[in-house]
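Asker: Please read through the structure below; I'll follow up with questions.
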Amino acid sequence: MAVMTTNRFHPARFLVSASRLDQAPTDRGAEVAFAGRSNAGKSSALNAITGQKALARISKTPGRTQLINFFTIDPERRLVDLPGYGYARVSVAVKERWQRELARYLERRKSLKGLILLMDIRHMFKNTDRQLLEWGWHAGLPMHILLTKADKLGAGAARSACQQCERHLQALNPEASVQLFSALKHTGVEAVRAQLEDWLNFEQPD
Ligand code: GDP
């Protein structure tokens, strides 16, 4: 008989959008941020993890795409949707401002316990992904990679992409972990939830 597990992320609710760090919620408790290039599948992943159909739609509404969006799970825990980077149609000025605010958030946020980096399994390790991984390694921030849209490859090809990713990580961020993920097929959802539970200090079931 299948064991029923409760989804601890289901209660997630939109809290606030911040364009600057000083607009973020009070820096207490624990939070995990999600980063990735636009179209990597971040919204779909957040919806799959929380089991909500449209939670991350809020981050895609006009005017909110360049903001850091905070979702609360309970008073001590949050998920954070960082703006998608590498979007070609964004001006250089916007990119620079985004990078500055992202850097500020990543460097100063004490409640940030880990960073989930999403990469499309067919387009791994773009420059911005590499920079983020190297930065995370130097900053000592735990990182976990989701190779998204794994359903686009056959099982064997997906496994070998994952192994290739692990090899690349040796040079970029040897502490980072990686897993396959598909919002469409629900692959790897439990694994990423377990990682989040660990970082957010949820008690593990006996
Ligand atoms: P975001 O820009 O990173 O938030 O990406 P979205 O979640 O909006 O997804 C971008 C595109 O990829 C959309 O067309 C999604 O339908 C598609 N997509 C997202 N996740 C998956 C997945 O697991 N499998 C497949 N095949 N497509 C996906």
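Asker: Against the definition (in a loop (DSSP other than H, G, I, E, B), within 20 Å of LEU21 (Cα to Cα) and open to solvent by less than 40 Å² (accessible area, probe 1.4 Å)), how does LEU141 come out, yes or no?
Answerer: Judged against the criteria, LEU141 is a match.
Asker: Something else about it: Within segment 9-23, restricting attention to residues that are open to solvent by less than 70 Å² (accessible area, probe 1.4 Å), in contact with a helix residue (DSSP H, G or I) (Cβ under 8 Å, 6 or more places away or on another chain) and in contact (Cβ under 8 Å) with a residue 60 or more places away in the chain, which residue is nearest to VAL80 (Cα to Cα)?
Answerer: ALA12
Asker: Report yes if LEU106 is within 16 Å of the ligand (Cβ to nearest atom) and either in contact with a helix residue (DSSP H, G or I) (Cβ under 7 Å, 6 or more places away or on another chain) or part of a helix (DSSP H, G or I) (or both), otherwise no.
Answerer: Spelling it out, it is not the case that LEU106 is within 16 Å of the ligand (Cβ to nearest atom) and either in contact with a helix residue (DSSP H, G or I) (Cβ under 7 Å, 6 or more places away or on another chain) or part of a helix (DSSP H, G or I) (or both).
Asker: Next question, about the same structure. Applying the selection to segment 153-198, what residues are more than 28 Å from THR5 (Cα to Cα), touching a residue at least 12 places away in the same chain (Cβ under 8 Å) and either of a type outside the set (Asp, Glu) or not in a helix (DSSP H, G or I) (or both)?
Answerer: LEU153, ALA161, GLN164, CYS165, HIS168, LEU169, LEU172, ASN173, PRO174, GLU175
Asker: Ok, one more. Report, by residue number, each residue of segment 25-50 that is more than 6 Å from the ligand (Cβ to nearest atom) and surrounded by fewer than 21 Cβ atoms within 10 Å (Cβ to Cβ).
Answerer: Correct list: PRO25, THR26, ASP27, ARG28, GLY29, ALA30, ARG37, ASN47.
Asker: Right, next: Tell me which of these GLY154 doesn't satisfy, since it passes every other one: (1) open to solvent by less than 20 Å² (accessible area, probe 1.4 Å); (2) out of contact with any helix residue (DSSP H, G or I) (no Cβ under 9 Å at 6 or more places or on another chain).
Answerer: Evaluating GLY154 over (1) open to solvent by less than 20 Å² (accessible area, probe 1.4 Å); (2) out of contact with any helix residue (DSSP H, G or I) (no Cβ under 9 Å at 6 or more places or on another chain) leaves (1) as the failure.
Asker: May I pose another question? Quick test for you: out of ALA155, ALA93, pick the one residue that is within 15 Å of the ligand (Cβ to nearest atom) and more than 18 Å from the chain's Cα centre (by Cα).
Answerer: Residue meeting the stated conditions: ALA155.
Asker: From the set of residues in segment 172-206 that are among the charged types (D, E, K, R) and open to solvent by less than 50 Å² (accessible area, probe 1.4 Å), which is nearest to the ligand (Cβ to nearest atom)?
Answerer: Result: ARG193.
The values are calculated or read from the model by the stated rules, or taken from the named source; none is laboratory data. Quick caveat: nothing in here was measured; it's all calculated off a predicted structure. Note that each Cβ is placed from the backbone with ideal geometry, even for glycine, and that neighbours are counted across all protein chains shown. Remember, those area values only see protein heavy atoms, side chains included, never the ligands or the DNA or RNA. Shrake-Rupley method; radii C 1.70, N 1.55, O 1.52, S 1.80 Å.
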